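Some notes on the structure that comes next.
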Amino acid sequence: MDFLPIFVNIRQQPCLVVGGGEVAARKVSLLFKAGAVVTVVAPGLSHELADMLRAGDIKHLAREFADDDIRQPVLVIAATDNRAVNQQVSALAKARGIPVNVVDDPELCSFIMPSIVDRSPLQIAISTGGASPVLARMIRTKLEGCIPAGYGRLAGFVDKFRDKVKARFSNVNQRRMFWESVLEGSVAERVFTGHEDEATAQLDQAIIAGDAKGQFKGEVYLVGAGPGDPDLLTFRALRLMQAADVVVYDRLVSPAIMELVRRDAELIYVGKERDRHTMQQENINQLLVRLAQEGKRVLRLKGGDPFIFGRGGEEIETLAENGVVFQVVPGITAAAGCAAYSGIPLTHRDYSQACVFVTGHLKDGSIDLNWKVLAQPNQTVVFYMGLHGAPDLCKNMISHGMPPSTPVALVQKGTTPEHRTIIATLDTLVETVNTHNLKPPTLIIVGEVVKLHEKLDWFDPHASQGKAVKVGRW
Ligand code: SAH
């Protein structure tokens, strides 16, 4: 983190803006919105600033900047088109320990101005640390589009109930769950549609009952986290990741995704490496039940899709047997993610009319699959957990009729910053696994479609994913 994002209270505080042009005007109006007492020092003023002066919103010193101007302000912004002046302002402010911003000149700044989504009292500040203000603005535009204007009203509305709710629930967990139900439930909808009276009545009632949506009970969200790239999460996955009290996750969930779970959520790692189960499946099932029965919102986060070789079915069976409320959120399974990022269409009119997902690792360690069905032309076979059984896999595919020259793709850590695609054929697969020292998680894609990789490969993990996050177990 290069900068600490904070929100500063400048209400009734003196702030100085050096420069009287349009750029300065934008900064002045922000400071004014935040309640500051703004003085502009500049020989002349833009129309906008002149209007503000007439309206009594700002003070004006109609002259060049002088050193003494930096005596009492709590914040200084330099927005002149003269770098020497900006430099002088910056140096003086820094010497006096006054935060200073020089527009479009990060070197001279002690603080930078973010792009802002303003739904006061709700505010979102976006920054690229000065690297690309345009990118920050683009992100802001996206957020503006997807955050309903009503959220500001909602924040203002619930503020009035904070003390009441605090008095009603001494338990922090209960209080948070109450607010979450309110903010996601019908009270919020009432506020959005302008029925604040009804919202007030509903919320008052909920406070008396101590409950905003039936009874507060723990629940489990079985969520697919996709193959690794956080951009592949669903909106719902992200929302629940940020709502959970406790996160039960395993090895396949990438560190970049773990970064997105609620900061103060309890994290429980339950492992699951081949032959090295940190926690037995049965214990995981029981753990989920116990946590939910303690009244927690439990996020069971799994790599890929929870229902594809994820044992998600077993976990929710136990929940159902114990009457625990749950929901399942699908994720992008490794086959879809790896194939897309490696430029290998899983089906293609010319090469493959079917696609089969199989596991290369059975309960007892063997791979006893229906090879006759798998070794067919015009289909793509995707092996999950196939690395260990690769010799068996090749031998059986070939002995059941697949040409030894059938192309195979090995995709390791697909969609992550360490994404690797290695191409082989059925008869060179084992040797390739060894020479490239391939490790799980690796997906094996067998079929003619693999040929398309050469032409359609597009993903450069280094260019598109930035720095690898150095936490977790990958
Ligand atoms: N539920 C998961 C699969 C779990 S089985 C899903 O839907 O994707 C674990 C196997 O999935 C691994 O052994 C590997 O074969 C494959 N896998 C999962 N994530 C992967 C990734 N990012 N890159 C390559 N293979 C992956």
I need the full set of residues from segment 291-311 which are of a type outside the set (V, I, T) and within 16 Å of the ligand (Cβ to nearest atom), in order please.
L299, R300, L301, K302, G303, G304, D305, P306, F307, F309, G310, R311
Pairs where the first residue, in segment 55-72, is outside the structural domain of F32 (by TED's automatic domain parsing) and the second is modelled with pLDDT of 95 or more, C-beta under 8 Å, 6+ apart
none
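Of the residues in segment 313-344, how many are under 17 Å from Y384 (Cα atoms) and surrounded by fewer than 21 Cβ atoms within 10 Å (Cβ to Cβ)?
Taking segment 313-344 and keeping what is under 17 Å from Y384 (Cα atoms), we get 331-342, 344.
So of that shortlist, the ones also surrounded by fewer than 21 Cβ atoms within 10 Å (Cβ to Cβ) come out as 340.
So the answer is 1.
Per-residue answers, yes or no, for (1) assigned to a strand (DSSP E or B); (2) assigned by TED's automatic domain parsing to the domain that holds L252; (3) away from the ligand (no atom under 11 Å from the Cβ):
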{"site": "I344", "(1), (2), (3)": "no, no, yes"}
{"site": "V358", "(1), (2), (3)": "yes, no, no"}
{"site": "P377", "(1), (2), (3)": "no, no, yes"}
{"site": "K395", "(1), (2), (3)": "no, no, yes"}
{"site": "S405", "(1), (2), (3)": "no, no, yes"}
{"site": "T416", "(1), (2), (3)": "no, no, no"}
{"site": "T432", "(1), (2), (3)": "no, no, yes"}
{"site": "L438", "(1), (2), (3)": "no, no, no"}
Just a yes or no: is a residue in segment 239-252 in the same structural domain as G313 (by TED's automatic domain parsing), at pLDDT below 90 and open to solvent by 60 Å² or more (accessible area, probe 1.4 Å)?
yes
Spans of helices (runs of 4 or more DSSP H) in segment 263-341 with at least 3 residues under 27 Å from the mean Cα position of the chain (by Cα) and under 18 Å from P227 (Cβ atoms)
334-341
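Can you say whether R276 is at pLDDT below 90 and either buried (at least 22 other Cβ atoms within 10 Å of the Cβ) or among the hydroxyl-bearing types (S, T, Y) (or both), as far as the supplied structure shows? Before the answer, list the steps.
On the way: at pLDDT below 90: yes; either buried (at least 22 other Cβ atoms within 10 Å of the Cβ) or among the hydroxyl-bearing types (S, T, Y) (or both): no.
So R276 fails the test.
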Test: R119 is surrounded by fewer than 16 Cβ atoms within 10 Å (Cβ to Cβ), of a type in the set (K, R) and at pLDDT below 95:
no
Checking D250 against (1) away from the ligand (no atom under 13 Å from the Cβ); (2) free of Cβ contacts under 8 Å to residues at least 60 places away in the same chain: exactly one of these is not met. Which one?
(1)
Identify, please: which residue in segment 66-84 is in a loop (DSSP other than H, G, I, E, B) and over 11 Å from G20 (Cα atoms) and is, among those, farthest from the chain's Cα centre (by Cα)?
A66
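Residue under question is V358, and the condition is that it be crowded, with 16+ Cβ neighbours inside 10 Å and more than 23 Å from A424 (Cβ to Cβ); does it hold?
For V358, the condition - crowded, with 16+ Cβ neighbours inside 10 Å and more than 23 Å from A424 (Cβ to Cβ) - is not met.
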Please find, within segment 16-51, the residue that is nearest to Q88 (Cα to Cα) out of those that are in contact with a helix residue (DSSP H, G or I) (Cβ under 8 Å, 6 or more places away or on another chain), in a helix (DSSP H, G or I) and open to solvent by less than 20 Å² (accessible area, probe 1.4 Å).
A24
All but one of (1) closer than 21 Å to L410 by Cα; (2) not basic (K, R); (3) not assigned by TED's automatic domain parsing to the domain that holds N396 hold for N322; which doesn't?
(1)
Does segment 163-178 contain any residue that is assigned to a loop (DSSP other than H, G, I, E, B) and either in contact (Cβ under 8 Å) with a residue 40 or more places away in the chain or assigned by TED's automatic domain parsing to the domain that holds E22 (or both)?
yes
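The values are calculated or read from the model by the stated rules, or taken from the named source; none is laboratory data. Treat the numbers as computed from the prediction; the structure is a model and nothing was measured. Heads up, the Cβs are rebuilt from the backbone with ideal geometry, glycines too, and the neighbour counts pull from every protein chain shown. Remember, those area values only see protein heavy atoms, side chains included, never the ligands or the DNA or RNA. Shrake-Rupley method; radii C 1.70, N 1.55, O 1.52, S 1.80 Å.
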